[in-house]
């Protein structure tokens, strides 16, 4: 199937999941274009898709420069090293994967250098997996006490990548945890107005939608299998 047809099917599935969950609003679809050529992004854009997610800084920089379109919103969704923060700030509208105070401070510093307020999400490690990035849920409140003082970042919400291959009832626990963490932080900090929950991918976005996902990240079901590096 073509990218256009794939997008149409995904959007219909998102709509149906929202209806089934009793939601009147629809989450934003982030088309994960990592490892895909810029031509695939352009094909998706011609079909009305304007939000794209990238994982690798160097690849993304080249792609963004080549495409050079103001109507596209770029989301960085991969692991970000502090020494690459300046590039992420320069090229991306929203950074989903801020997983430490150190990284947040570096993003804040780099954003200040170019007079930008950088929109970010804080990644929560809902599965408490040692090999996976993210702030532990129980540490979020303490860490946010430092984050809210950074003037050149704007925290829009939270992001999570739950463990892969879970049964639906297990996945629900992770998405519910992220939703509850967002609500708790908003109630704790009066100056926070976080609204975004970036959760759910190709195989589980229908579950995430039940727990308030405002952004779902879908790659394979739009562009096909990844071109592994």
With label points set 7 Å from each Cα along the Cα-to-Cβ direction at residue 142 and residue 39, the distance between them in nm comes to 5.2 nm
Would you please put 66-76, 123-133 in order of how densely packed they are, using the mean number of other Cβ atoms within 10 angstrom per residue and starting with the highest?
-> 123-133, 66-76
Modelled label-to-label distance, residue 15 and residue 195, 7 Å Cα→beta-carbon offset: nm?
-> 2.3 nm
Three-way shape call for the stretch 20-86 based on the alpha-carbon gyration tensor, with the a/c threshold at 1.5 = oblate
From DSSP H assignment alone, runs of 4+ in the chain each adding -39500 (n - 2.57), the sum over residues rounded to the nearest 500 puts [θ] at 222 nm at -12500 deg cm²/dmol
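Between residue 70 and residue 56, what length comes free when the chain is fully extended (0.36 nm per residue of separation minus the Cα-Cα distance, one decimal in nm)? Write down the numbers at each step before the final one.
Details: separation 14, 0.36 × 14 = 5.04 nm, distance 2.04 nm.
3.0 nm is the gain from fully extending residue 70 to residue 56.
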On the formula 1/(1 + (r/R0)^6), with r taken between the Cβ atoms of residue 4 and residue 24 and R0 of 25 Å, the FRET efficiency rounded to 0.05 is 0.40
If you rank 91, 50 by fewest surrounding Cβ atoms within 10 Å, what's the result?
-> 50, 91
Extension gain, residue 225 back to residue 188 (0.36 nm per residue minus Cα-Cα distance, nm) = 9.1 nm
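Given 0.36 nm per residue, what is the gain on full extension from residue 109 to residue 154 after removing their alpha carbon distance, in nm? Walk me through the intermediate numbers first.
Numbers: separation 45, 0.36 × 45 = 16.20 nm, distance 1.29 nm.
Net length gain for the segment: 14.9 nm.
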Most packed first (mean Cβ within 10 Å per residue), the peptides 166-178, 102-114 order as 102-114, 166-178
Give me the Debye-computed log₁₀ of I(q)/I(0) at q = 0.08, 0.13, 0.14, 0.18 Å⁻¹ for the chain, equal point scatterers on Cα only, no solvent, two decimals.
-> -0.27, -0.76, -0.88, -1.44
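FYI, it's all coordinate maths here, none of it is from the lab. Since we're looking at a predicted model, the values are computed, not measured. Ideal geometry is used to build each Cβ from the backbone, glycine not excepted, and the neighbour counts take in all protein chains shown.
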